[in-house]
């Protein structure tokens, strides 16, 4: 098979309706290397970079409640800083760059996906300049 390792995908392929941060960016724990007294942060198997994770809620209205929240792992040498919250909203929209998915069979025997990214930021749609009447003239 020609595809080996993580499969490159775009943000729009994974979250066509967008997504929102619903928790903190945290270290991913390496359960094999950690002990009761010492926690070791996990590293990506392919790049060796430190792994962080952030829970996000998929904005797809067709998903069931149990399917809406997923953790996105971020490869970064330092803890990523999420975008600022939107004023007056409990949700923080986010977009990820340089995404990959890795399919696997979870503990219940179902197909699941590990989602990784290299960057997170405010969605481009929210940062684009909106022309006003003066600009159009």
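Return only the number of the condition from (1) under 30 Å from residue 89 (Cα atoms); (2) without any contact (Cβ under 8 Å) to a residue 60 or more places away in the chain; (3) surrounded by 13 or more Cβ atoms within 10 Å (Cβ to Cβ) that residue 12 does not satisfy.
Unmet condition: (3).
Could you grab me the full set of residues in the stretch 107-137 that are part of a loop (DSSP other than H, G, I, E, B), surrounded by 14 or more Cβ atoms within 10 Å (Cβ to Cβ) and either modelled with pLDDT under 50 or within 12 Å of the chain's Cα centre (by Cα) (or both)?
Across the stretch 107-137, the qualifying residue is only 118.
Against the condition surrounded by fewer than 12 Cβ atoms within 10 Å (Cβ to Cβ) and either free of Cβ contacts under 8 Å to residues at least 60 places away in the same chain or in contact with a strand residue (DSSP E or B) (Cβ under 9 Å, 6 or more places away or on another chain) (or both), how does residue 82 come out, does it pass?
Working: surrounded by fewer than 12 Cβ atoms within 10 Å (Cβ to Cβ): no; either free of Cβ contacts under 8 Å to residues at least 60 places away in the same chain or in contact with a strand residue (DSSP E or B) (Cβ under 9 Å, 6 or more places away or on another chain) (or both): yes.
No: the conditions fail for residue 82.
So, restricting to strands (runs of 3 or more DSSP E) that lie completely within the stretch 1-91, which ones have at least 1 residues that are farther than 18 Å from residue 104 by Cβ? Can you show your working first?
Values: elements: 7-9, 19-21, 51-58, 69-75.
So the answer is 19-21, 51-58, 69-75.
The values are calculated or read from the model by the stated rules, or taken from the named source; none is laboratory data. In this text, all values refer to a predicted model and were calculated from it rather than measured experimentally. Neighbour counts are summed over all protein chains in view; Cβ atoms, including those assigned to glycine, are modelled from backbone coordinates with ideal geometry.
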